[in-house]
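Each remark here refers to the structure printed beneath this line.
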Amino acid sequence: MEKKKIDWENLGFSYIPTDKRYVANFKDGKWDDGALITDANIVMNECAGVLQYAQTIFEGLKAYTTEDGHIVAFRPDLNAERLVNSAKRLEMPPFPAERFVDAVVQVVKANAAYVPPYGSGATLYIRPYMFGINPVIGVKPADEYQFRIFTTPVGPYFKGGVKPLTICVSDFDRAAPHGTGHIKAGLNYAMSLHAIVTAHANGFDENMYLDSATRTKVEETGGANFIFITKDNKVVTPHSDTILPSITRRSLLYVAEHYLGLEVEERDVYLEEVKEFAECGLCGTAAVISPVGKVVDHGKEICFPSGMEKMGPTIQKLYDTLTGIQMGHIEAPEGWIKVIE
Ligand SMILES: Cc1ncc(COP(=O)(O)O)c(C=O)c1O
């Protein structure tokens, strides 16, 4: 298969339509067989549930080329499971997890010409999502849903080198206790837009959200979980029912413990103790880990000893090991790498 003529190294993170997308419809209480289609546009009624009451959830994962030339995806079964959990919380019919993985395989195969070559640093971003599509005017769940997956090639995250981020402690809350912070619902991102635009306007790269009940504990950013390294080299991440269970963070904790022999703690992390940590990073599918150099809490600066030039040494090791596993240089735990082609 001949690759598309794309300047892979200089791709950014924006939507570029590819040839095929996967679509399945839920109607009369069941999902249809699903199919690959070419039309990138969706026609729906003006009163569709998603448009009126934001009944929509999504996932994000990547396909990429390993050194030996295979196209693979990283732990798509966990995205499938998370989408099922998101669906249940928003009263949507879960798309079966095994069908999710099969649909990912189908859509990536159909767009293999857009999967960036090994060594480019670029990847094929995969966006599964589903939404209520029939007219809904009273506030209630829709009866009909559409599940879709599109793909779009995206560039290397750390173009021009890794630059540690400066983040601010946000005055906005991201998630309420017993709310929807633990699922990947569009509504969580809609309400974060004002906070991120405000953070950028104030010169910060990202927001550090605190728990909205006490505003004393670190939660996450708008799109990544936190990982901290203590001065005695323990890996610490916030435990909270109101953050998204990041697949990258869960994988990094396993890597820390089983590949690097580090002690790992998932627990409450108080804003007050952040100044004691040696390193800080944000973990998510896009960057794996982005180092944080500085946290600003209402004018008070917390500068990590790892500095503003590069990743700290332990975060670097975690990053190298997980990306080594993803790229096939280091043996992966059973079931982590889904070979697509
Ligand atoms: C709010 C939020 N937290 C964390 C993450 C990181 O999750 P993952 O590692 O599964 O990409 C994401 C991205 O999906 C996110 O949107």
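The values are calculated or read from the model by the stated rules, or taken from the named source; none is laboratory data. What you are looking at is a predicted structure, and each value in this text was computed from that prediction instead of being measured. When the accessible area is computed, the model is the full protein with side chains, heavy atoms only, and any ligands, DNA or RNA have been set aside. Shrake-Rupley method; radii C 1.70, N 1.55, O 1.52, S 1.80 Å.
Pairs K159/K234; K275/K300; K234/K275; K3/K62; K20/K62; K159/K294: which are spaced more than 19 Å apart, C-alpha to C-alpha?
Flagged as over cut-off: K159/K234; K159/K294.
Please compute the alpha carbon radius of gyration of the range 189-295, then divide it by the globular-protein estimate 2.2 N^0.38 Å. Two decimals is fine.
Cα Rg divided by the expected 2.2 N^0.38 Å: 1.05.
Which residues' amide hydrogens lie under 5 Å from the amide hydrogen of E220, considering only partners 5 or more residues apart or on another chain, with H built in the peptide plane?
Y209
If you average the C-alpha positions of the range 240-262 and of the range 218-235 separately, how far apart do those two centres end up, in angstrom?
10 Å
Mind jotting down the distance between the C-alpha centroids of the range 41-67 and the range 98-150, whole Å?
7 Å
Over the range 147-192, consider all pairs of different Cα atoms and compute the Kirkwood hydrodynamic radius from their mean reciprocal separation; express it in Å, one decimal.
Mean inverse Cα-Cα distance, inverted, gives 14.5 Å.
Could you tell me what percent of the DSSP beta bridges with both partners in the range 218-325 are antiparallel, to the nearest 5?
80 percent
Quick check: from the Cα gyration tensor, does the range 117-224 come out rounded (a/c under 1.5), prolate or oblate?
oblate
Could you work out the Kirkwood radius for the range 16-143, taking every pair of different alpha carbons, averaging 1/r and inverting it, reported in Å?
This gives a value of 15.8 Å.
Helix-derived [θ] at 222 nm for the chain: sum -39500 (n - 2.57) over DSSP H runs of at least 4, divide by residue count, nearest 500?
-6500 deg cm²/dmol
What accessible area per residue comes out for the range 17-133, rounded to a whole number of Å², with a 1.4 Å probe?
42 Å²
Could you give the radius of gyration (one decimal) and Dmax (whole number) of the Cα atoms in the chain, in Å?
Just the Cα atoms of the chain yield Rg and Dmax of 20.2, 58 Å.
Tell me the relative contact order for the range 1-147 as a rounded percent, counting alpha carbon contacts under 8 Å between residues six or more apart.
Once divided by the residue count of the range 1-147, the mean separation gives 36 percent.
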